[in-house]
1. Pick from B:Ala6, B:Ala70, B:Ala75, B:Ala90: which is more than 20 Å from A:Ala653 (Cα to Cα) and assigned to a helix (DSSP H, G or I)?
2. Based on this model, can you work out whether A:Leu637 counts as within 7 Å of chain B (Cβ to nearest Cβ) and assigned to a loop (DSSP other than H, G, I, E, B)?
3. Within region A:94-110, which residues are surrounded by 24 or more Cβ atoms within 10 Å (Cβ to Cβ) and among the hydrophobic types (A, V, I, L, M, F, W, C)?
4. Quick check on A:Thr714: is it touching a residue at least 12 places away in the same chain (Cβ under 8 Å) and not assigned by TED's automatic domain parsing to the domain that holds A:Leu828?
5. May I ask you to verify whether A:Ala504 is surrounded by 14 or more Cβ atoms within 10 Å (Cβ to Cβ) and small (Gly, Ala, Ser)?
6. Return yes or no: is A:Leu404 surrounded by fewer than 21 Cβ atoms within 10 Å (Cβ to Cβ), assigned to a helix (DSSP H, G or I) and in contact with a helix residue (DSSP H, G or I) (Cβ under 6 Å, 6 or more places away or on another chain)?
7. Restricting region A:658-685 to residues that are surrounded by 17 or more Cβ atoms within 10 Å (Cβ to Cβ), facing another protein chain (nearest Cβ under 8 Å) and out of contact with any Leu (no Cβ under 8 Å at 6 or more places or on another chain), which is farthest from A:Thr835 (Cα to Cα)?
8. Could you run through region A:582-604 and say how many residues are at positive phi and in contact (Cβ under 8 Å) with a residue 60 or more places away in the chain?
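The values are calculated or read from the model by the stated rules, or taken from the named source; none is laboratory data. Please read these numbers as outputs of a predicted model, since none were measured by experiment. Don't worry about glycine lacking a Cβ; one is built from the backbone with ideal geometry, like all the others, and counts go over all protein chains shown.
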Amino acid sequence: MDIGLLVFLPVLGAIASFLSRLKRPGPDHVQTHALVALIAPAICLLLLLSYLPRIQTGEALVYSLSWVPAIGLELAFRLDGLSWLFATLITGIGCLIIVYARYYFAGKDTAGRFFVLIQLFMTAMLGIVLSENLLFMLIFWELTSLVSFLLIGFTWSSRNARRGARMSLVITGGGGLALLGGILLLGQIVGSYQISDVLAATDVIVSDDRYPLTLSLILLGAFTKSAQAPFHLWLPHAMAAPTPVSAYLHSATMVKAGLFLMARLHPAMGDTELWFGLITITGMVTLMVGAFVAMFMHDIKGLLAYSTISHLGLITLLIGMGSEMAMAAALFHLTTHALFKAPLFMMAGIVDQATGSRDMRNINGLWRTMPILMLITAVPAAAMAGLPLMSGYLSKKMLFSESLLVTAPHWANTLIPAWVTVAALFSVAYSVRIFHNVFFNGQPVDLPHWPPRKKPFGMLVPLFILAAASLLMGLAPQATYDSVIHLAVMATSMSHLPLYDFSALSGAQVPAMMSMIAMVGGIVFYLARGPLVAIHRQLPEVDAKNIFEQIMQQCIRFAQSLVYRLENGSLQRYLAFILVAAIAPALWMLSGYSGWRGPSELTDLNAMVVFGAVILCLSAIGVALFHHQRLPALLLLSVTGLFVTLAFAQFSAPDLALTQLSVEVMAVVIMMLALSFLPQTSPRESGAGRIVRDLSLAGLAGTGVGLLAYAVLTRPADTISGYFLANSVPGGGGTNVVNVILVDFRGFDTLGEITVLGIAAVAVFAFTRDLHLKERVASAGTAKGFAEPHPIILQMVSRMALPIALLVSAYIFLRGHNMPGGGFIAGLVTAVALTLQYMAGGLVWAQERMLTHFRPLIGAGLLIATATGLGSWVVGYPFLTSAFSHMDWPLIGEFELATALLFDLGVYTTVVGATLLILANLGKLMTVAGPGREVG
Amino acid sequence: MELVIAITLGVLTSTGVYLILRARTFSVVLGLTLLSHGVNLFLFSMGRLTTASPAVVGLVSDPTDPLPQALVLTAIVISFSMTAFVVVLALKAAVELRSDHVDGEDPNEDRQ
């Protein structure tokens, strides 16, 4: 658990910092905030140090907790030599950064925010290096991008900060997406996301077809994060961040995450030509570009940023070479780089705050006013240049000797040594420049603060500690290597290799000569800088940020125009898109299909069916043709509905025919009611193009449905209904299988369906409740329609019809289990009968004589149906199991008293309630005269 | 006869689709009704069309497939309630927005 604690302690620390900031806002409490912020990282560092003895036995500590096992996600942490090295750098340098920031942010209101963010960042970074699960690691990976975005944009009022933050987020975030793809592929290849499993599956990974793609995607993530060319552009722009951020994220920790990932996966994915080619070449290009550009930067932080890029390239190059010794050199240099680059950044911050400028054309000769700073800076600067006795000297020499050992491929064995020597030459030149230029080189020019402001001595402490560590590493390389770095190297090569022999290195001739060439050449290069800078100034200046911004703007414009095209607010267009999306894949999949005509014999034509079909088609086409004239279209629609009813009756579906008939009556009445409030005609507003488009969509859809139906109808039926037919009587106690399915076999579906019906009715009630149409009807002058609203014959007939209709519906209801009928149909028949009363007598007349509260009816129906189902639960059967016994009533005949009948009663009640609620509420809108009663 | 049925289904679907693509709510309601007729008949015909053999046990020796009928029966009721809902929605929109255009205003096609 303690390993997990390492990751989450800084979160607690961030919360503590947040609270401390809330408690003591304002610029005067930076000291308190810094002390609070220091607690968690310091504990982490101590914990890590306490782990060192166990790590030194070569043990990999793994702690895991199952989280989402279905997708292979585990809360798992791993502490081995490699993660220990990184974690120690992260927490150790983090502590020093917090101390430094205490002075950097002194008297600033923003200090509290910085301490919160920096600890969150620490969590994310520790999460990356300590995660045992790759998916989990990816989450932390993205988290570093996000926190880095916030930290770069720390002073958000500055346009540069905002742009730099956005650029880094886009580039590293995009890389994160690629990494996600790569890791998912890797997980599929290996079958697990655990690093232990991945490391054990080298052969499987390398021989898989997807290896090149997987590796490329993962490397894309690593390269963007570690600012490898051509993705390095975000790093110089990230220098808009406050200097503690640059020192921590953009030199010591975050940019090393990509290197960590490559080192971590090296045992599993390395040792292939692809690995060597991709990484080595990228590293070489980055090394050279960074070193060259750094020489010509005038901004101190800009120079350091490009130098960081160059060093990252160098480490990448070493990782690409992939041998154990190259790995040793890579990790050794990674450590030395962290130790010398962070203090250089801190120096830049101090100079910036003291003089108000970072421009090396103005800052000169600071040794007079800042002698101690000069002395401390001498160590990391010398280390960066790679002067003898310094740690950088050793790591560079290790690089040289490794470069000489590269034999395959043949282009590399001479190119790489020459290449790294030239790059080292540049690095000597810019190291000399930053030191000589800032502290010597004549007098300062036009500095905003002169003489420089005094900075507190405490600000130098972290620089001093880091410089001392760097010096120590240079003086005692063997000891540092053996105790710490060797363990990390073993984790990256998964083997117990011999220790690196530094004494052999000091005796090597060729690397020493290469160092000498680089050193002398670099100094000469620096001395000749005047003309060189003049030449460089002639080169066309490319502002990466502007190019980036232009690309971003184009992306945004493209997205906008796409949105305007797709989402212009026209529902017709959306619907057309949906139809196209439905039709196009079917068209694509089915084009060329020839099996539309199945093997079955066609049945003979029946004159009645043909007649019905012709009427059906003609009425449907008529509706489409005359839809501008709404009333005729509605009448034609009811013809269609009637013939659909007849079709059901013809093809052995009496239940459907009865249902369709009653529904048809209700639907037409509703539409008539609605039509009296709507315009009587539709304008002809579709253009020819629109009509052609819609006709072709409609034609395609119709053809598709027709062909599909034909293909099915000409094939023999293979149905699952045998079960229902066989079990209807013994299991459900009814001979009308359709009804038994509804109330018994699929009773739960029916319960859902009557619920939908109830909801729709209540929605109609809610909509009509505050709909004020009365004035509209009155003013529309459609009085002629109401000339004789309630014909007397209809009134008389309907009154006589009501009891008969109710009797019929009761009969249909009771016999429904055995003969065509049932709750749905009976309910609709009742509703139609009552609707007739409304129509004949008028709403007011009907309301005086009838129940007007339909919502309780719906509720009662649903309750009855549900309670029936629950009843079977009570006696220990599954929901909605029916029990039955038969009864024989005179006249009606035999029917069974089943619990299904009770369920059907619920259906009946709901249908009656819902239908009448809809109708009565629409009808209420019509009553011009009198307020009427509330219907609901 | 299968061909006749298939053509009928195609016509119902086509007219329904054409009408739901129109700009006025009432036409859309008409189209939806036609489309649900088409869909209901389509589902129904998936059980194959036989005459004079209702799915009542003991009435005929070879009853038709009851399952599509049960599905379609509830589908008819649900599509009725949906029609009612859409009708009221159209009314509400027409009153509140003073237009019965599907977009709630009277623009020309697609606001181009």
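1. On the way: B:Ala6 fails: more than 20 Å from A:Ala653 (Cα to Cα); B:Ala70 fails: more than 20 Å from A:Ala653 (Cα to Cα); B:Ala75 fails: more than 20 Å from A:Ala653 (Cα to Cα).
It is B:Ala90.
2. Numbers: within 7 Å of chain B (Cβ to nearest Cβ): yes; assigned to a loop (DSSP other than H, G, I, E, B): no.
In short, no.
3. A:Leu96, A:Ile97, A:Ile98, A:Ala101
4. Working: touching a residue at least 12 places away in the same chain (Cβ under 8 Å): yes; not assigned by TED's automatic domain parsing to the domain that holds A:Leu828: yes.
Here the answer is yes, as A:Thr714 does meet what is asked.
5. Values: surrounded by 14 or more Cβ atoms within 10 Å (Cβ to Cβ): no; small (Gly, Ala, Ser): yes.
No; evaluated as a whole, the condition is false for this residue.
6. On the way: surrounded by fewer than 21 Cβ atoms within 10 Å (Cβ to Cβ): yes; assigned to a helix (DSSP H, G or I): yes; in contact with a helix residue (DSSP H, G or I) (Cβ under 6 Å, 6 or more places away or on another chain): yes.
Criteria met by A:Leu404.
7. A:Ser682
8. Let us first name the residues in region A:582-604 that are at positive phi, namely A:592.
Now restrict to residues that are in contact (Cβ under 8 Å) with a residue 60 or more places away in the chain: none.
Number of matching residues: 0.
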